[in-house]
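Worksheet: the structure to be examined is printed underneath.
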Amino acid sequence: MSYLFSSDFKFRTWRRLWIALAEAEKELGLPITDGQIADLKTHAETINYADAERREREVRHDVMSHIYAYGLQASSAKGIIHLGATSAYVTDNTDILQMREALTIVRRRVVNIMAKLREFAWQRRGLATLAFTHFQPAQLTTVGKRATLWLHDLLLDYREIEFRISSLSLLGVKGATGTQASFLNLFDGDENKVNRLEDLVAEKLGMRKSYPVSGQTYSRKVDAAVVSTLSQFAQSASKFGYDMRLLQHLREIEEPFEEEQVGSSAMAYKRNPMRAERMDALARHLIINALNPAMTAATQWFERTLDDSANRRIALPEAFLAADALALIYDNIVAGIVVHEDVIAANVRRELPFMMTENLMMEGARRGGDRQVLHERVRIHSQAAADAMKGGAPTNDLFDRIAADPLFAIDRRTIEEMARPENYTGLSRAQTERFLAEDIDPILAAHREEIHQDAGEVRV
């Protein structure tokens, strides 16, 4: 990802664009020779940066500086480099090519996270755990079902990334204000040749098409849409990160903690969730950064203004680098996630009596009790059991209170038989199995060659 947004990738792509333009113009009849094309190709990869930098200090224009530098190397083609084009031909088309490749990297990262989460969800699809609303124990779910919530967010991100990749188009060859007047002049008013020129350039660069209309630049709403897509992934990663931090607080599930890792400079016993915390920090940066291209798109003037340029040179690379970093950390956590099943089971046992009260009332009514009376008794016993736990009681004694109440007429053995956690997880297991088989597995099968099993190294 870093290389995609490096100066080297950018300027090499500029030269690819100049070669594609020259080849297309030659094929459509302009007086450009095979020798000139060959000269351009000979020097496509060996950029004379010193010449370009020296020239830019004089003219203060990066595109003109690199045209000059390229002409020094490919001297026979000096006069036909950038023929008919304006600066946006290389800058904007390069941006599109960068974003397409960068989105492909993000998609590959997301698929790898999905593959690891899929295995995690499948292995623990039946492991009962507390489900929370408002971070208060609510009912039971399974660890695997909770993982499908993270996976579903990533599924939505994957589909959005796929759409963005498929919808990206080149600026094309539009000229100074988008009218293609310079190219129409080059081809002596032949509109068909101008249209064919744009198609040829797109084909040579591996793109299907160019945007049908533009000013000097492509609409900056394209940037806003792309970074919004990255922001959506950041939202998913942040949600996962916060969930992991809360689970680590509960001691139920932890991110990897290496043998020599230090959690705190003062409190040596601590195992801080530093990876998840870092994810949330980076996600916040990326989500907020989505405002940059949105504001840029909103403040453009007519066919072109230049106040977008400096902002985009920061905002776009930073968005992709942040997304890449988030994905690497996410992958690393999921690959080494630690589940403490005994703690999960203990937490379930502590809260399950409260979650069974409806069932206990129904069983008591079945045995001859008055449902409304039993409801009041459950309220009294539940509050007493909760108060006892808040006062330091080591266990939840609600079952004992119910068993001792003759109005329920339920013995302790029957209550224990009713207290099987798997009976209170609803369709968690079935939902997990169906979701993985129908929604996730087809995507993983389509990207089988891109999936790796090793955890990505945390380098962020």
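The values are calculated or read from the model by the stated rules, or taken from the named source; none is laboratory data. All values reported here derive from a predicted model rather than from experimental measurement. Neighbour counts run over all protein chains shown; Cβ positions are idealised from the backbone, glycine included.
Which one is surrounded by the most Cβ atoms within 10 Å (Cβ to Cβ) among residues in region 70-85 that are part of a helix (DSSP H, G or I) and touching a helix residue (DSSP H, G or I) at 6+ places or on another chain (Cβ under 7 Å)?
For region 70-85, the residue satisfying everything is Tyr70.
Which residue out of Gly144, Gly172 is in contact (Cβ under 8 Å) with a residue 40 or more places away in the chain, in contact with a Ser or Thr (Cβ under 6 Å, 6 or more places away or on another chain) and closer than 30 Å to Arg350 by Cα?
Gly144
Which residues, taken from region 230-246, are surrounded by fewer than 24 Cβ atoms within 10 Å (Cβ to Cβ) and either in contact with a strand residue (DSSP E or B) (Cβ under 7 Å, 6 or more places away or on another chain) or not small (Gly, Ala, Ser) (or both)?
Within region 230-246, Gln232, Gln235, Lys239, Tyr242, Asp243, Arg245, Leu246 qualify.
Let me confirm something: among Ala346, Ala322, which residue is under 30 Å from Arg271 (Cα atoms) and touching a residue at least 60 places away in the same chain (Cβ under 8 Å)?
Ala322
Being surrounded by 13 or more Cβ atoms within 10 Å (Cβ to Cβ) and in contact with an Asp or Glu (Cβ under 7 Å, 6 or more places away or on another chain), is that true of even one residue in region 349-372?
No, every residue in region 349-372 fails to be surrounded by 13 or more Cβ atoms within 10 Å (Cβ to Cβ) and in contact with an Asp or Glu (Cβ under 7 Å, 6 or more places away or on another chain).
So is Asp331 in the same structural domain as Ala283 (by TED's automatic domain parsing), among the acidic types (Asp, Glu) and either over 13 Å from Asp405 (Cβ atoms) or loosely packed, with under 13 Cβ neighbours inside 10 Å (or both) or not?
Yes: the conditions hold for Asp331.
Across region 346-385, what is the total count of residues that are of a type outside the set (S, T, N, Q) and in contact with a strand residue (DSSP E or B) (Cβ under 8 Å, 6 or more places away or on another chain)?
Qualifying residue count, region 346-385: 5.
Could you figure out which of (1) closer than 30 Å to Ala276 by Cα; (2) among the basic types (Lys, Arg); (3) in contact with a Phe, Trp or Tyr (Cβ under 8 Å, 6 or more places away or on another chain) isn't true of Arg251?
Checking Arg251 against (1) closer than 30 Å to Ala276 by Cα; (2) among the basic types (Lys, Arg); (3) in contact with a Phe, Trp or Tyr (Cβ under 8 Å, 6 or more places away or on another chain), the one that fails is (3).
Hey, among Glu101, Glu119, which residue is out of contact with any Leu (no Cβ under 9 Å at 6 or more places or on another chain), of a type in the set (Asp, Glu) and assigned to a helix (DSSP H, G or I)?
On inspection, the qualifying residue turns out to be Glu119.
Which of (1) of a type outside the set (Phe, Trp, Tyr); (2) within 29 Å of Val222 (Cα to Cα); (3) in contact (Cβ under 8 Å) with a residue 24 or more places away in the chain; (4) not in a loop (DSSP other than H, G, I, E, B) is the odd one out, the single condition Val334 does not satisfy?
Condition not satisfied by Val334: (2).
Have a look at Ala88, Ala44 and point out the one that is part of a helix (DSSP H, G or I), closer than 29 Å to Ile165 by Cβ and under 42 Å from the mean Cα position of the chain (by Cα).
From the options Ala88, Ala44, the qualifying one is Ala88.
Those residues that are under 19 Å from Thr217 (Cα atoms) and part of a helix (DSSP H, G or I), I need them from region 166-199; list them, please.
Of everything in region 166-199, those that are under 19 Å from Thr217 (Cα atoms) and part of a helix (DSSP H, G or I) turn out to be Ser167, Ala181, Ser182, Phe183, Leu184, Val194, Asn195, Leu197, Glu198, Asp199.
The rows are residues; the columns are (1) modelled with pLDDT of 95 or more; (2) under 11 Å from the mean Cα position of the chain (by Cα); (3) in a helix (DSSP H, G or I); (4) not charged (D, E, K, R).
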residue	(1), (2), (3), (4)
Arg108	yes, yes, yes, no
Arg125	yes, no, no, no
Asp153	yes, yes, yes, no
Leu156	yes, yes, yes, yes
Ile161	yes, yes, yes, yes
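With Ile96, Ile67, Ile32 as the choices, which residue is surrounded by 19 or more Cβ atoms within 10 Å (Cβ to Cβ), modelled with pLDDT of 95 or more and assigned to a loop (DSSP other than H, G, I, E, B)?
Ile32
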